[in-house]
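Q: Below is a structure I'd like to ask you about.
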Amino acid sequence: MCQYMRNKMKQIINKKVTPRQFRYACLILLGVAYLCCLPPVLFHAPYSTVVTDRNGELLGARIASDGQWRFPPRNHTPEKLEQCLLAFEDQYFYYHWGVNPLATGRAFVQNLKNKRIVSGGSTLTMQTIRLARCQPRTFCEKIIEMIWATRLEFRASKAEILSMYISHAPFGGNVVGLDAAAWRYFGHSPETLSWAESALLAVLPNAPSAIHLSKGREKLLKKRNRLLKRLQKKGIIQSSTYELAISEPLPEKPHPLPQTAPHLVSHYYQTRNGLFTQSTIDKGTQMHIEALAERWSNEFCRSDIRHLAILVIDLPSNQIAAYCGNVRFNEKQPGNQVDIIQSPRSTGSILKPFLYEAQLHEGSLLPNMLVPDVPININGYMPQNYSHQYEGAVPASEALARSLNIPAVTQLQAYGIPKFIQRLQELGFTTIKRPASHYGLSLILGGAEATLWEVTHAYAQLGRSLLTQEESPRKGAAWLTLEALTEVNRPEEIDWKSIPSMQTIAWKTGTSYGFRDAWAVGITPRYAVGVWVGNASGEGKPGLVGALTAAPVLFDVFNSLPPSPWFERPTGVLIDAEVCRQSGHLKGRFCEETDTLLILPAGLQTTPCPYHHLITLSEDGRHRVYAHATASEATTQQPWFVLPPVWEWYYKQHHPEYIPLPPFLKGSGEDNFPIMQFIYPPMQARIRLTKQLDGSKGYMTAELAHTHPQATVFWHLDERYYAETRQFHQISLQPAPGKHTLTAVDEDGNSISTVFFIEQAGR
């Protein structure tokens, strides 16, 4: 079109044209100018950030960048307000093409008589154009408005024009548009406006600076009532409705906007500024969760624990049902405005189930397989259980349910840190992105940071996989993991399984180092709930433990949500396997007591029970003998459950049913089982001796486990006799810096050695 215009202009300039051609050219130019006069986008004003719940209920909003409460444009007009607007501003709106000739002529005569603009004669379409242009009111500007109005009628429907007008009309002060006016003046949505409220909003844009709630109230009331009377005369409202409407008082002052889910609204203000967002939150659920969080926060404040966050995910739809990023948003105290749900925090033990699930899926672990729970030293890293006690060996599922640290560390070492990081990233952990060397084995105990958003969604992913029809090993691993997490002791300290009304919940807690973060996450087929308790500043507090703080909140949340039955066991992904009842391994040659358990097919690659051995005993059963030592003496053979010495040392303290191997009958053979094992120091350990309180050189304690507690052990340091122990095999050493060899020999000549290094104190 522009090229055509340029060609015509050249023709006019370069050669003579006839008057007819000139008129045609002018008409074409005018037509093109008319078509192009209206900008593609009329309004360029910044808008408020508005967030609603899943049903359209307003949760909250943030003011536009120009300081105006201007909600994003709506696409329809409530019927009552439309009737009021047409009756007050433009009763022929649906019959003209943007300009009403009669109204314009009447206004023209009035303006000539007064030699100034006293009447605009503007239609709603012309007023829409005036709002878009924001120019002073002059005769020339009026003509432009008329031209643009007719052009707008060709581009948009009457409903669209009306929506443009009510979305950008001024309603006094910094209130612009119908939505902002309805909420600010009446405290509810435009769809629920009464006739009196609709009439008030219809007359306000006529002179918003002259009459509003704080001044000109009498004049405003008269204009509203006159409009209501007009509606009655037209038969739009009945007399009874009119009488009720005029009896409604004007609002006294603007209402504050709702402040539900304020941290979520702030999140959208940062990520979707100036846009309308319909969230998946249910406002009723959200308000209940916020009230619950407030009650618990008041309780925790007594211990100077000031912040709390709760995230609720609807599992089947994978949508957020409640988002409580923190408590007391409106109180300008440090940390209250921090959205904890989106803030990386130390994970504590909350990642342990994902390692358990990964090992099950890989086939390197069975649910009840014994895992070590003994003191360990891995290149100077010496993790401890929360209780500072050890049990020697624990079933893997029990270790998970009790959140034991030593088994988790040894399992991560066996599985591999890089593989585990990759699995966490697959689950959506974007904050765990550094190399494996950065985290080390502490990754499983809180050596990484994650957000409550990521943690809760990762648990939800495990649960949601069980709701699909897909048959996959991951589904089986997830089911076994969640089954193990149902065994975690609940804070109520009751046998919940004996109470039919209590629903099954898979849940896990976590506590970060220094008591800075307390976590609790729970799963049912309906919901995934994540809870964080602590201080946004990272300040640690005694008693800030997941099981003591976050867990009670978690179960309070679940008690307020609709219950659901437990996950159905997945079909086609699990198989029956015969496993040793004592070790949890696949049944070995000498395992007599077994159970049939569900495992993944990959678990068949694990080794059969390595702890049951066939031993030969003397006739009285008090001693072991070499199977072929003598044919003259009567002997018996029977399976025996034998753990490694260090495991055995701690295991038998908690399992009185455990019977150590009987000693060998003298002269009847040699022991093929390990008799002794160093608890500390492990082989190649690097040790730094700490100074005493008086500044003197420190000591280290060496400890040994012997299968026969009454045995006498002789200790040698660097081939020199050092000490003798009986029953409790511990000695204190004060070696010089450098390499050392520690050897232990028992009275039967069995020996064991370990090599360790003492580092300089200043290094």
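Quick note: the coordinates plus some simple rules give every number you see, no bench work behind them. Computed from a predicted structure; not experimentally measured. Reconstructed Cβ throughout: ideal geometry from the backbone, glycine too, with neighbour counts over all protein chains shown.
Q: Using 0.36 nm per residue of separation minus the Cα-Cα distance, give me the extension gain between SER317 and ASN174 in nm, one decimal.
A: My answer for the length gained is 47.6 nm.
Q: Can you tell me the 0 to 90 degree angle between the C-alpha axis of helix 158-168 and the longest principal axis of the chain, rounded to 10?
A: Helix 158-168 sits roughly 70 degrees off the main axis of the chain.
Q: Right, something else. Order of 334-340, 733-739 by packing, highest average Cβ count within 10 Å first?
A: Ranking, from highest mean packing down: 334-340, 733-739.
Q: Given q = 0.10, 0.27 Å⁻¹, what are the Debye log10 I(q)/I(0) values for segment 676-759, with equal point scatterers placed on the Cα positions and solvent ignored?
A: Once normalised to I(0) and log-transformed, intensities are -0.24, -1.39.
Q: Angle check, please: helix 417-426 long axis (alpha carbons) against the longest principal axis of the chain (alpha carbons), in degrees 0 to 90, nearest 10.
A: The two axes meet at around 30 degrees.
Q: In straight Cα distance, which aspartates and glutamates are under 20 Å from LYS229, not counting same-chain residues fewer than 8 positions off?
A: GLU79, GLU82, GLU89, ASP90, GLU197, GLU218, GLU243, GLU248
Q: Which entries of LYS283/LYS508; LYS80/LYS158; LYS80/LYS222 show an alpha-carbon separation above 25 angstrom in the structure shown?
A: Violating the 25 Å limit, Cα to Cα: LYS283/LYS508.
Q: Relative to the compact-globule scaling 2.2 N^0.38 Å, provide the ratio for the alpha-carbon radius of gyration of segment 579-664.
A: It is 1.28.
Q: Just to be sure I understand: of the beta bridges DSSP finds with both ends in segment 676-759, what percent are antiparallel, rounded to 5?
A: If we restrict to bridges inside segment 676-759, about 85 percent are antiparallel.
Q: What is the distance, in nm, between label points placed 7 Å from the Cα along the Cα-to-Cβ direction at HIS288 and at GLN135?
A: Label at HIS288, label at GLN135, 5.7 nm between them.
Q: Mark the label point 7 Å from the Cα of LYS158 along Cα→Cβ and return the residues of segment 53-89 whose backbone N is within less than 17 Å of it.
A: Residues 76-89 fall inside that zone.
Q: For Cα extents along the principal axes in Å, one of [x] 90, 73, 54; [y] 204, 73, 49; [z] 138, 74, 64 was computed from the structure I shared and the rest are decoys. Which label?
A: [z]
Q: Can you give the calculated 222 nm mean residue ellipticity of the chain, where each DSSP H run of n ≥ 4 adds -39,500 (n - 2.57) and the sum is split over every residue, rounded to the nearest 500 deg cm²/dmol?
A: -10000 deg cm²/dmol
Q: Tell me, Kirkwood radius of segment 283-384 from alpha-carbon pair distances, in Å?
A: It works out to 17.4 Å.
Q: Follow-up question, since we're still on this one. Expressed as an acute angle from 0 to 90° and rounded to the nearest 10, what is the orientation of the C-alpha long axis of helix 19-36 relative to the principal long axis of the chain?
A: Orientation of helix 19-36: about 40 degrees from the principal axis.
Q: In segment 430-539, what GluC sites (Glu not before Pro) fall in a loop by DSSP, with at most 14 other Cβ atoms inside 10 Å?
A: Answer by residue number: GLU470, GLU471, GLU487, GLU492, GLU493.
Q: Here's a follow-up. On full extension of the chain, what length is gained from GLN638 through PHE673, given 0.36 nm per residue of separation minus the C-alpha to C-alpha distance?
A: 11.0 nm
Q: Estimate the FRET efficiency between SER472 and GLN422 by the formula 1/(1 + (r/R0)^6), using the beta-carbon distance for r and 22 Å for R0, to the nearest 0.05.
A: 0.80
Q: Quick check: the distance between the Cα centres of segment 679-718 and segment 265-287, to the nearest angstrom?
A: 60
Q: Here's another thing I want to ask about it. For a Förster distance of 45 Å, can you work out the FRET efficiency between the beta-carbons of ARG686 and SER303, rounded to the nearest 0.05?
A: Calculated value: 0.70.
Q: Would you please put 36-45, 215-224 in order of how densely packed they are, using the mean number of other Cβ atoms within 10 angstrom per residue and starting with the highest?
A: 215-224, 36-45
Q: Debye sum, Cα scatterers, segment 358-457, no solvent: what log₁₀ I/I(0) at q = 0.22 1/Å?
A: Per q value, in the given order, log10 I(q)/I(0) is -1.28.
Q: On to the next question. Tell me, what is the FRET efficiency for SER189 and THR741 to the nearest 0.05, using R0 = 51 angstrom and their Cβ-Cβ distance as r?
A: 0.05
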